[in-house]
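The values are calculated or read from the model by the stated rules, or taken from the named source; none is laboratory data. Everything quoted here is computed from the prediction, not taken from an experiment. Cβ coordinates were reconstructed from backbone atoms using ideal geometry, including for glycine residues, and neighbour counts include every protein chain displayed. When the accessible area is computed, the model is the full protein with side chains, heavy atoms only, and any ligands, DNA or RNA have been set aside. Shrake-Rupley method; radii C 1.70, N 1.55, O 1.52, S 1.80 Å.
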Amino acid sequence: MEIDDQNPASTAAESPETLPGGENEELDNPAEPTQPAATSVIPPSIVPAIAPIPPPIIRPLAPLPSRPPLFRPPVTQNGELRTSDSDSEHDELAPSRTAPGSTAEYEISEESRQARERHEKAMQEFLMKRRASALAVPTNDMAVRARLRRLGEPITLFGEREMERRDRLRSIMARLDAEGQLEKLMKVHEEEEAAATGGTEEAEEEVLQYPFYTEGSKALLDARIDIAKYSILRASSRLERAKRKRDDPDEDVEAEMDWALRQAESLVLDCSEIGDDRPLSGCSFSSDGKFLATSSLSGVAKLWSMPQVRKVSNFKGHTERVTDVMFSPVNECLATASADRTARLWSAEGSLLKTFEGHLDRLARIAFHPSGKYLGTTSFDKTWRLWDVETGVELLLQEGHSRSVYGIAFHHDGSLVSSCGLDALARVWDLRTGRSVLALEGHVKPVLGVSFSPNGYHLATGGEDNTCRIWDLRKKKSLYIIPAHSNLVSQVKYEPQEGYFLVTASFDMTAKIWSARDFKPVKTLSGHEAKVTSLDIISDGQCIATVSHDRTIKLWSVNSKDIQTMDVD
């Protein structure tokens, strides 16, 4: 039948009136005979299908919308209005929005409620962290302590470091800000700060008037004046000599250098002598070249006559190993440095003249000022010190290296001193003012040796990176890098008269001679069977002495048949 295929809603729309029993009558058209039969048969079959319609209305659930859990207020998240947690919630509420007459809602489960609470708690913690990071926290540790004190918190906890203390202050300020107390507290503290600052302005001005340096003694001032007078004369003489060589047509510097390099190239092993029962650590020629002094890890220094290398005397007195020895440039006195934290001054006969005490750790190298009046020592206490040779008084305690200071050398004019250390740094100091005039950075490992060139403007350094660097003091930068050895460079020295060549000693059991003109290798002195620890060059450049851990002293001299005389002022 056509009536069975029709929708009840459309039937109700077409009929002018709907009967309570579900029967439809057309009052204006009674002539059709089939309508009564249809109406009498349809009600029993249609009534069961229409009967379930009332339950979806669910009139007893009408008060459900008044329950608080079903109508949650919108949550604000990051400044945006959030009305639901997920897309599924929109989908569930969609039927209720599309049906205005329906007031049905879905009840949130316990798991969803706990998940929402956890999410809200995590968001609150996240916002708290953001707020804490946005707060201005002092970076100075003293300011952090002061702020903690004003906030009534402990300024430090057991085992707490600077960064941990700053993080604790940040979290405290964030907590107070969340409780609404930060602005009030900070206002009070700012007022207290302003009051305290106003009362201490005069005291701060007085503090700023103090010098930032440490004032030296009267003896140091006199020494600086004496060094300045001495260096001016020496520098003037050096410059006059350089001008004469430049302007005099009879002076041929290149020929002189070629001759000196040929002499250095002809050096051969002339003598080898056992110096001690323990490894040797240092050696030094006297100013006239008649004596050679050596130091040993046995704690004894020895004096040898030249050129036969015969022992003259022993210098006993140190309680630990002797690390270096140096002859005075003006007389036959010599100084030794030791691991017993002292330096000692000896006469050529072996008698003790002075003891220099003051270092807090073992000494490394030692050097005399060109005037012979002052002595410089380096130590593993990260300082180098200047001593008065006549009185034995410590004139200067100089810091500046972050690690142990190892090497030291004085400028030939006497105005500058260079120190090098295990911090891979070499520094140049002005003895007349006490200032650090240059910091020579370039070595990647500890610097162990340093030497000034007689020309006055070149400086050589050698270190554990197996290289020797040449520095130009005028340009304040590295001039040349010599890949000198296959092991660390333990000592480096310029030829003392003109600086035409320099010599490096290394733990690769060799010493090498390099041209000061183009820094090319001239000669390799091979013969030691262990690490070469130190070297020295005689004043005329005709002989080189090396000492080693193999306990031997080796002299490298020019063959007598190859010696040629040449006047060099």
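Measuring nothing but how far apart in sequence close Cα pairs (under 8 Å, 6+ apart) lie, relative to its length, segment 222-565 scores a relative contact order of 15 percent. Counting only protein heavy atoms and a probe of 1.4 Å, the accessible surface of segment 222-565 is 47% carbon and sulfur.
Stretching residue 542 away from residue 391 to a fully extended chain increases their span by 50.8 nm, per 0.36 nm per residue minus the current alpha-carbon distance. Rounded, prolate or oblate, given the Cα gyration tensor of segment 219-294, with a/c below 1.5 counting as rounded? Oblate is the answer for segment 219-294, as a/c is 1.5 or above yet b/c matches or exceeds a/b. A rounded overall shape is assigned to segment 222-565, the ratio a/c of its alpha-carbon gyration tensor axes (a ≥ b ≥ c) being less than 1.5.
Close amide H partners of residue 463, meaning residues 5 or more places away or on another chain with modelled amide H under 5 Å apart, are 448, 489. Rounded to the nearest 20, the Cβ-based charge dipole of segment 222-565 about its Cα centre (Lys and Arg +1, Asp and Glu -1) stands at 540 debye. Listed by chain and number, the lysines placed with their C-alpha closer than 22 angstrom to that of residue 477 are 445, 493, 520; residues fewer than eight positions away on the same chain are left out. Using a probe of 1.4 Å, the accessible surface attributed to residue 291 totals some 40 Å² when neighbouring protein chains are kept in position. Highest mean packing comes first when the peptides 244-250, 341-347 are listed by Cβ atoms within 10 Å, giving 341-347, 244-250.
The HN-Hα couplings worked out from phi for segment 401-408 by the Karplus form 6.51 cos²θ - 1.76 cosθ + 1.60 (θ = phi - 60°) are 9, 7, 9, 4, 8, 10, x, 8 Hz, whole numbers, x standing for Gly and Pro.
Distance between the C-alpha centres of segment 458-511 and segment 410-449: 14 Å, rounded to the whole angstrom. Between residue 241 and residue 355, the simple spin-label model (points 7 angstrom out along Cα→Cβ) gives 3.9 nm. From most to least packed by mean Cβ count within 10 Å, the peptides 293-303, 233-243 give 293-303, 233-243.
What FRET efficiency comes out for residue 256 versus residue 308 if R0 is 41 angstrom and r is the Cβ-Cβ distance? Round to the nearest 0.05.
Efficiency for this residue pair is about 0.85.
Peptides 550-556, 404-410, 217-223 ordered by packing proxy, namely the average of other Cβ atoms within 10 Å per residue, highest first: 404-410, 550-556, 217-223.
Shown here for segment 410-469: trypsin sites (Lys or Arg not before Pro) in loop regions (DSSP other than H, G, I, E, B) with at most 16 other Cβ atoms within 10 Å, namely 435. Scanning residues 5 or more positions from residue 525 or on other chains, those with amide H under 5 Å from its amide H are 511, 512, 513, with H placed 1.01 Å from N in the peptide plane. From the Cα gyration tensor of segment 347-496, with a ≥ b ≥ c the square roots of its eigenvalues, which class applies: rounded if a/c is under 1.5, or else prolate if a/b is larger than b/c, or else oblate? Taking the square roots of the gyration eigenvalues as a ≥ b ≥ c, segment 347-496 is prolate. Using a probe of 1.4 angstrom and keeping all protein chains present, the accessible surface of segment 245-363 works out to 46 square angstrom per residue. Farthest toward the positive end of the dipole of segment 351-471, out of 351, 397, 440, is the Cα of 440, where the dipole comes from beta carbon charges about the Cα centre.
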